[in-house]
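The structure under discussion appears below in the form of structure tokens.
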Amino acid sequence: SRITIINGPNLNLLGIREKSIYGDQDFTTFLAALRDAYPAVALSYFQSNHEGAIIDKIHEVGFATEGIILNAGAYTHTSLAIADAIAAVTAPVVEVHISNVYARESYRHHSYLAKNCKGVICGFGLDGYRLALESLLTR
Ligand code: DQA
């Protein structure tokens, strides 16, 4: 099956940024290992720091793939436009956060996206992307 991972703002700095919260592994290394572990899955990857580019990508893959794994970063807590994009497409979307957002600042406790998603995974580090993939493959 075809699954797309979309990472939002600042997630290009994984392994460099706030390591005590997000860990020291870069996403490229993690993604290579994930692809090796799931050879039957066509796993696409897209990262952008721009809200509109994330929306364009959701439109592009959201009718053409079996699922989207989305870590929208801080846009999770602000973006009605990304929430609407998720509602607009047919592919199921799983919301992922590397950190446990509920153990952090209260402004990270609310997600505009979650109600339009199949489910939410947070607090398991990068393994959350694998858990999201499992959930999309077993439906
Ligand atoms: C994050 C959590 C968000 O609150 C934050 O703005 C991020 C990363 C996470 O993966 O834990 O950029 O989505």
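The values are calculated or read from the model by the stated rules, or taken from the named source; none is laboratory data. All of these numbers come straight from a predicted model, not from anything done at the bench. Cβ atoms come from the backbone with ideal geometry, glycine included; neighbour counts cover every protein chain shown.
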Original post:
With respect to Leu31, is the statement that it is more than 18 Å from Leu131 (Cα to Cα) and of a type in the set (A, V, I, L, M) true?
Top reply: no
Original post:
Given the residues Ile21, Ile5, which is the only one that is in contact with a helix residue (DSSP H, G or I) (Cβ under 8 Å, 6 or more places away or on another chain), in contact (Cβ under 8 Å) with a residue 60 or more places away in the chain and among the hydrophobic types (A, V, I, L, M, F, W, C)?
Top reply: Ile5
**OP:** May I ask you to list pairs of residues, at least six apart or on different chains, whose Cβ atoms are under 6 Å apart, with the first in the stretch 77-99 being farther than 11 Å from Leu113 by Cβ and the second being of a type in the set (Gly, Ala, Ser)?
**Re:** Val89/Gly62; Ala91/Gly62; Ala91/Gly67; Pro92/Gly67; Ile98/Gly125
Original post:
Which of the residues spanning the stretch 1-19 are within 15 Å of Ser44 (Cα to Cα), among the small types (Gly, Ala, Ser) and more than 8 Å from the ligand (Cβ to nearest atom)?
Top reply: Ser1
Original post:
Any idea which residue in the stretch 82-120 is surrounded by the most Cβ atoms within 10 Å (Cβ to Cβ), counting only those that are near the ligand (Cβ under 10 Å from one of its atoms) and not in a loop (DSSP other than H, G, I, E, B)?
Top reply: Val96
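State all residues of the stretch 31-62 that are among the hydroxyl-bearing types (Ser, Thr, Tyr) and away from the ligand (no atom under 16 Å from the Cβ); if no residue qualifies, say none.
Once the filter is applied, which keeps residues that are among the hydroxyl-bearing types (Ser, Thr, Tyr) and away from the ligand (no atom under 16 Å from the Cβ), the stretch 31-62 yields Tyr38, Ser44.
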Subject >> In the stretch 24-46, the residues that are among the hydroxyl-bearing types (Ser, Thr, Tyr) and over 16 Å from the mean Cα position of the chain (by Cα) >> reply: Thr29, Tyr38
Original post:
Across the stretch 16-27, what is the total count of residues that are over 17 Å from Val96 (Cα atoms) and either modelled with pLDDT of 90 or more or out of contact with any Gly (no Cβ under 8 Å at 6 or more places or on another chain) (or both)?
Top reply: 5
**OP:** Scan the stretch 28-43 and report the pairs whose first residue is in a helix (DSSP H, G or I) and whose second residue is aromatic (Phe, Trp, Tyr), with Cβ atoms within less than 7 Å and a gap of 6+ or a chain change.
**Re:** Leu31/Tyr45; Leu34/Tyr129
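Out of the residues in the stretch 125-134 that are more than 13 Å from Leu70 (Cβ to Cβ) and more than 10 Å from the ligand (Cβ to nearest atom), which is surrounded by the most Cβ atoms within 10 Å (Cβ to Cβ)?
Arg130
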Subject >> Residue list for the stretch 63-72, filter: surrounded by 21 or more Cβ atoms within 10 Å (Cβ to Cβ) and either more than 18 Å from Leu131 (Cβ to Cβ) or within 12 Å of the ligand (Cβ to nearest atom) (or both) >> reply: Ile69, Leu70, Asn71, Ala72
Original post:
In the stretch 50-60, is there at least one residue being crowded, with 16+ Cβ neighbours inside 10 Å and assigned to a loop (DSSP other than H, G, I, E, B)?
Top reply: no
